[in-house]
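Derivation of every value follows stated rules applied to the coordinates shown; laboratory data play no part. As the structure is a prediction and not an experimental result, all values here were calculated from the model. For neighbour counting, all protein chains shown are included, and Cβ atoms are generated from backbone atoms with ideal geometry for every residue, glycine included.
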Amino acid sequence: MTLRLDVNGSLREVDADPDSPLLWVLRDELKLVGTKFGCGIGQCSACTVHINGAAVPSCQMPAGAAQGQAIRTIEGLARGEVLTAVQQAWLEHDVAQCGYCQAGQIMSATALLAQTPRPSEREIDDFMSRHLCRCGTYTRIRAAIRSAAERLSANTGSQS
């Protein structure tokens with residue numbers, strides 16, 4: 001069946017089973033391999049993408065259900081060579097070790113800051129708690145999210 005998916009701002013048509021997980025359609029059909037397979041049961045969040053701005057594990061979403069939704073993958077965050085505040089903070093805080101879970105972590109952190117521009121430590125921990133990082137870079141992840149929030153706040157002229 002032909003699926004029409006809005007991925008990273010472009011309408012894409014793919015021949016795929018509508019019941020196939022969105023993860024596999026992104027990786028295998030559209031060759032967007034930044035979204036990683038971790039557990040396949042929605043427990044590790046390595047496969048997180050944005051659906052209409054919300055962080056969603058793509059291994060649990062049927063591709064057919066994604067039709068008509070705005071899908072954004074890690075490949076769709078930066079604008080050319082210009083990184084987002086979250087991506088820049090990830091580099092500045094040297095968050096990634098093996099890097100496997102980082103695309104999903106960055107997608108969730110981006111969604112968190114879009115919804116809660118100045119999150120508390122508790123809000124960061126709660127929002128990011130579904131992510132598993134085998135390298136244990138959680139303190140650097142938290143620091144990067146705080147830095148990104150500060151950068152975004154400064155860029156929008158918000159006051160503390």
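Just so you know, the averaged projected area of the alpha carbon convex hull for the stretch 48-129 sits at 6.2 nm². Placing a label point 7 Å from the Cα of Gln60 along the Cα-to-Cβ direction, the residues of the stretch 116-158 whose backbone N falls under 13 Å of that point are 129-132.
Long hydrophobic helices in the chain, taken as whole DSSP H segments with a C-alpha length of 20 Å or more on their own axis and mean Kyte-Doolittle hydropathy at least -1.0: 138-156. A crude spin-label estimate for the pair Asp15 and Val82, with each label 7 Å from Cα along the Cβ direction, gives 4.0 nm.
Here the extension length gained between Cys39 and Glu123 equals 27.8 nm, from 0.36 nm per residue of separation less the Cα-Cα distance. Spacing of the modelled spin labels on Asp94 and Cys135, each 7 Å from Cα toward Cβ, amounts to 1.1 nm.
For a quick check, take a GNM of the chain with Cα springs below 10 Å and name the residue from Ser129, Ser45, Ser58 with the largest mean-square fluctuation. Between Ser129, Ser45, Ser58, it is Ser129 that shows the largest mean-square fluctuation.
Take the Kirkwood radius over Cα pairs of the chain, plug it into Stokes-Einstein at 4 °C and 1.567 mPa s, and you get 81 µm²/s for translational diffusion.
Taking trypsin sites (Lys or Arg not before Pro) as candidate sites, keep only those in a DSSP loop with at most 16 other Cβ atoms within 10 Å, then name the longest stretch of the chain containing none of them. Answer from the scan: 32-129. For the stretch 69-160, the list of GluC sites (Glu not before Pro) that fall in a loop by DSSP and count at most 11 other C-beta atoms within 10 angstrom reads Glu81. Residues whose amide H lies under 5 Å from that of Asp6, counting only those 5 or more places away or on a different chain, are Arg12, Gly68, Gln69, Ile71; hydrogens are built 1.01 Å from N in the peptide plane. Taking Lys and Arg as +1 and Asp and Glu as -1, the other residues whose beta-carbon sits under 13 Å from that of Leu26 total +1.
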